[in-house]
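Read-outs: derived from the displayed coordinates by stated rules, not from any lab. Because the structure is predicted, anything quoted here is derived from the model rather than measured. Cβ: placed from backbone, ideal geometry, glycine included. Neighbour counts: every protein chain shown.
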Amino acid sequence: MKLKKYENKELRKSKIISFVLGCLFIIFAGLFVYQSYGRYQDNVTFKIINGKLKMSGGSGDIEFAFYNGAQKIDTMPTKDNEEGLVFIKAECTNDAKIKWNNEDWDNIVVNNLKKTKTSCSLYFGSKTEKICTLAGEESGACNLAKKTQTDQLTLVYDDTNDTNLRYIGATPNNYIYFNCEEGEEASEKTCETWRIIGVMNNVVEVSEDEMKKEKQGSFIKMIRDSIGNYSWDSSASSVNGGIGVNEWSQADIEKVLNDEYLNKRTGENKCYKGSGNVVKACPDWENIGIKDKARNMIANIKWHTGTLADAYDSNTLITKSLYVAEQSENTGKICQKDTKYCSDTVTRTTTWIGKIGLMNLSEVGYAVGSDVRTTCLEKTMYDYDLYNCMENDWLYDKSNHQWTIVPLPSVSSATDLYIIDLKGDVYSHGAAAENAVRPTLYLKSDVKIVERDYEDYGSIDHPFELSYE
């Protein structure tokens with residue numbers, strides 16, 4: 001007779017439970033160690049006083065090295081250093097990132113700091129070196145930066161955290177041939193003549209492949225004369241009373257510019273001339289649309305489309321404050337009530353990825369030059385006509401109201417945009433109004449400016465010429 005093995009079911013159950021609990025303990029302990037040391041992330045602020053690290057926080061072991069160009073230096077330059085050095089870039093191990101703020105120079109914020117030793121190198125140099133580093137030594141942006149050595153009157157660095165390089169004054173030599181006929185020598189007969197706003201730093205370029213990788217750099221920003229007067233956006237009478245929606249990512253003119261105009265073809269997107277989706281004939285895209293070679297020169301950029309928190313605080317329309325607001329998270333819809341002019345359900349954004357946009361309001365403010373520049377930059381842009389600002393501003397057009405990309409926030413509507421009116425004042429219009437549309441874009445960083453011997457290179461008589469391989 002076969003003997004049956006004796007089973008103590010309770011004891012077996014207890015052993016199984018103990019085994020499972022032991023495995024879970026080992027797993028959780030491993031995860032704890034991994035999370036604490038392998039994937040630990042922290043944002044830490046390090047205080048720098050007179051170039052010396054005085055206080056550090058966080059749990060990471062980190063060391064800093066400072067460079068003036070390629071030369072290592074013992075201490076970090078102070079904000080108002082005599083050499084005029086500015087922050088250029090930072091490189092860190094372990095995927096840590098430096099968040100730099102010129103306004104708060106002595107507090108270095110390190111993002112993604114892990115519990116392993118991290119080394120960060122901070123590079124400083126001249127403003128010209130910054131552009132040439134971020135854009136490339138052979139780029140057109142670097143070429144313009146080097147021109148500041150001889151042009152101190154119409155090509156200057158602004159006072160923003162990004163230290164952008166801008167053309168200023170009534171008649172700067174910032175003309176450039178663009179959108180030229182294929183295979184033809186650049187001339188007024190074969191090209192359009194655009195104008196350079198300046199070189200913008202810390203701009204994010206987004207790759208057009210499926211990876212959508214972002215890369216920060218310095219890029220030339222340009223603007224064209226008006227292609228005509230059109231609505232920024234229009235809508236059915238049931239949406240915001242038919243006056244349109246002040247959200248750039250879905251605006252009618254954004255679709256037109258980045259489809260038919262950019263690709264030189266007629267499509268389904270329409271041009272409008274007022275409220276209620278009244279259609280107006282679009283321009284002749286076959287004649288003025290972007291040609292293939294020029295299209296390949298245009299960078300795919302993450303544009304800032306933020307605005308002021310309160311349109312009725314005139315102090316925020318001082319140019320520098322306005323620049324900060326444009327890069328903020330403030331949208332053009334602050335009205336809370338579902339009123340006639342605030343009924344849209346459009347998702348609001350403060351960044352947009354694309355190629356063709358419109359000028360920012362702050363760009364008009366920063367374009368002022370001559371002996372009134374200091375005064376004008378201290379005044380609200382509502383009063384620019386009172387101080388002769390616009391007579392010394394090349395972006396001013398006394399023959400047209402000009403659209404900007406900047407929405408106006410209002411408690412009673414979600415339809416208005418900031419414009420520059422015929423007097424040069426900042427004003428507001430509903431999106432369905434007809435105003436001048438001036439296409440604006442960034443050149444890829446590897447687009448070069450052809451070397452020429454003209455003393456007035458960049459003037460209306462001898463505009464800059466571009467090359468791109």
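I'm spelling it out carefully: the read-out is Cα Rg over 2.2 N^0.38 Å, the candidates are (i) 1.00; (ii) 0.94; (iii) 1.22, and one was derived from this structure. Which label? Working out Cα Rg over 2.2 N^0.38 Å from the coordinates points to (iii). Determine the shape class of the stretch 222-442: with a ≥ b ≥ c the square roots of the Cα gyration tensor eigenvalues, call it rounded for a/c under 1.5, and otherwise prolate if a/b is greater than b/c, oblate otherwise. Taking the square roots of the gyration eigenvalues as a ≥ b ≥ c, the stretch 222-442 is oblate. Based on C-alpha pairs under 8 angstrom that are at least 6 apart in sequence, the chain has a relative contact order of 15 percent.
Using the Cα centre of the stretch 222-442 as origin and beta-carbon charges of +1 (Lys, Arg) and -1 (Asp, Glu), tell me which of 408, 428, 298 is placed farthest towards the positive end of the dipole. Farthest towards the positive end: 298. Under a 5 Å amide H cut-off, with hydrogens placed 1.01 Å from N, residue 298 pairs with 444 among residues at least 5 apart or on other chains. What percentage of all Cα-Cα pairs in the stretch 317-370 are separated by more than 16 Å? Cα-Cα pairs in the stretch 317-370 separated by more than 16 Å: 58 percent.
Between the alpha-carbon centres of the stretch 139-153 and the stretch 387-426 there is a gap of 29 Å. Using the Cβ-Cβ distance between residue 97 and residue 411 with R0 set to 45 Å, the FRET efficiency works out to roughly 0.75. Available extension along the chain between residue 446 and residue 170 is 96.4 nm, counting 0.36 nm per residue and deducting the alpha carbon span. Amide hydrogen proximity for residue 272: with H placed 1.01 Å from N in the peptide plane, the residues at 5 or more positions away or on another chain lying under 5 Å are 231, 280.
Put a dot 7 Å past the Cα of residue 47, heading toward its Cβ, do the same for residue 188, and the two dots end up 6.2 nm apart. Annotation for residue 401 and residue 351: the two label points, set 7 Å from Cα along the Cα-Cβ direction, are 3.3 nm apart. With a Förster radius of 35 Å applied to the C-beta separation of residue 469 and residue 324, the computed FRET efficiency comes to 0.40.
Per-peptide packing, taken as the mean over residues of other Cβ atoms within 10 Å, places 375-383, 357-365, 145-153, 232-240 in the sequence 357-365, 232-240, 375-383, 145-153 from highest down. The label point for residue 150 and the one for residue 78, both projected 7 Å from the Cα toward the Cβ, are 3.6 nm apart.
Only helices enter this figure: runs of n ≥ 4 DSSP H residues, each worth -39500 (n - 2.57), summed and divided by the residues of the chain, yield -4500 deg cm²/dmol at 222 nm to the nearest 500.
With the convex hull drawn around the C-alpha atoms of the stretch 71-120, the volume per residue stands at 95 Å³.
Extension gain for residue 422 to residue 462 (0.36 nm times residue separation, less C-alpha to C-alpha distance): 11.5 nm.
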